[in-house]
1. Are any residues in region 149-178 assigned to a loop (DSSP other than H, G, I, E, B), touching a helix residue (DSSP H, G or I) at 6+ places or on another chain (Cβ under 7 Å) and within 12 Å of residue 104 (Cβ to Cβ), and if so, which ones?
2. For region 185-266, list the helices (runs of 4 or more DSSP H) that sit wholly inside it and hold at least 3 residues that are more than 25 Å from residue 160 (Cβ to Cβ); which are they?
3. Looking only at region 192-214, how many residues end up being out of contact with any helix residue (DSSP H, G or I) (no Cβ under 9 Å at 6 or more places or on another chain) and either closer than 28 Å to residue 157 by Cα or of a type outside the set (Ser, Thr, Tyr) (or both)?
4. Mind listing just one residue for me: the one in region 327-345 that is at pLDDT 80 or above and among the hydrophobic types (A, V, I, L, M, F, W, C) and, of those, surrounded by the fewest Cβ atoms within 10 Å (Cβ to Cβ)?
5. Is it fair to say residue 151 is within 23 Å of residue 88 (Cα to Cα), buried (at least 19 other Cβ atoms within 10 Å of the Cβ) and not aromatic (Phe, Trp, Tyr)?
6. Identify all residues within region 169-214 that are surrounded by fewer than 18 Cβ atoms within 10 Å (Cβ to Cβ), at pLDDT below 90 and of a type in the set (Ser, Thr, Tyr); write none if there are none.
7. Could you check how many residues of region 215-240 are among the β-branched types (Val, Ile, Thr), surrounded by fewer than 21 Cβ atoms within 10 Å (Cβ to Cβ) and touching a helix residue (DSSP H, G or I) at 6+ places or on another chain (Cβ under 7 Å)?
8. Checking residue 301 against (1) touching a residue at least 60 places away in the same chain (Cβ under 8 Å); (2) in contact with a Ser or Thr (Cβ under 9 Å, 6 or more places away or on another chain); (3) over 30 Å from residue 125 (Cβ atoms); (4) not in a loop (DSSP other than H, G, I, E, B): exactly one of these is not met. Which one?
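The values are calculated or read from the model by the stated rules, or taken from the named source; none is laboratory data. Please read all numbers here as calculations on a predicted model, not as lab measurements. Cβ sites come from the backbone with ideal geometry, for glycine too, and all protein chains shown count toward neighbours.
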Amino acid sequence: MTTTTADLKKLYNKDKKKKFFVLFFISSALIVTVLISLSLGAASPRIGDAVNVIFFKTFPFLNIDPPSPLAVTIIWTIRLPRIVMALIAGAGLAAAGATMQGILRNPLVSSYVLGISSAAGFGAALAIVFGISVAALGGYLVIGNAFVFCLIAMVIVYLIARVRGMSSESVILAGVAVGFLFSALISLIQYVSPTSNAVQAIVFWLMGGLHTATWQNILICFPIVAVAIILMMLQAWNINVMSMGEEVAVSLGVKSKRVLAINMVLETMATASIIAFTGIIGFVDLIAPHIARMLIGNDHRYLIPCSVLMGAFMLLAADTVGRLIIMPTELPVGIVTSLLGVPFFIYLLVRKRRRSFNWN
């Protein structure tokens, strides 16, 4: 039976509708999770009160009954900045993971593998223990150091990989080597630290958390992450071609080395901006793209937006669980994501052994 152009177009439109339905479903689940997270905690205001606070603060020109000062403090000052930072961080990490996994054609690529997280931890440890800063950023000593060392790690990985020809394998191997280097340096700083309080501060920062989120931090982090995500989406076609292999990319006129370098910069900028404010939050950039790929396929025009939504949903859900599971104290979100991520990581390894990943 011959398949006509009309049949192919019908199948394409059906698949496209399915993808949009998946995006709509995840978006709806994300909105519900936001409302639940706003209303749950040591103090549990009603969802209606939480929505009232948001509208009152966002649209002051509307004739809305003013909420109580306590509700404003709980919702607007404490919980909403934390939720917004979770959405930004989850979205940025997931987009970076989806992009680099596609370009490098490796399902296990993450900020850990590329050495960025370890570099951020080393920069933060320098600031915490010795007060050493590589940039004059006022009160943002730890944040600035973490951000700058992320960029330094990216430059080192790029230079090493360039010597080896900028292949996917050289980038991954260079990232692994850089990651081990900075991990060793972190251990060295902890070993020579003059006080146990400094060591505890380093460990706590390395766990990752959203408890330090403020509107000021969000105003700094959000524009960088948003621009990086948009530019990654604009690279979707090139990433699709790169995921088919370097030879295919070259035959279609895609400059693979240039595309790899551009997306390394975008991934690093997004990840560095997030890690600098939240500490190291692992596995979101590994898990979210894979779940999105299972739901929506390998077309990065849809995969990156789906990963953005999935990453935001996962990190917000993990942070909400971390806040509630041992109230009135909280479990750092980095621990929660790692507890969820390790079983999935093992699943990926088993799946890869049983059958190769299909990126086309």
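1. Residue satisfying the conditions is 166 alone.
2. 196-207, 215-234, 236-242
3. 3
4. Looking at residues that are at pLDDT 80 or above and among the hydrophobic types (A, V, I, L, M, F, W, C), I get 342.
5. Considered against the rule, which asks whether it is within 23 Å of residue 88 (Cα to Cα), buried (at least 19 other Cβ atoms within 10 Å of the Cβ) and not aromatic (Phe, Trp, Tyr), residue 151 comes out as no.
6. Listed by number, the residues that qualify are 170, 195, 196, 212.
7. Here the count works out to 2.
8. The number of the failed condition is (2).
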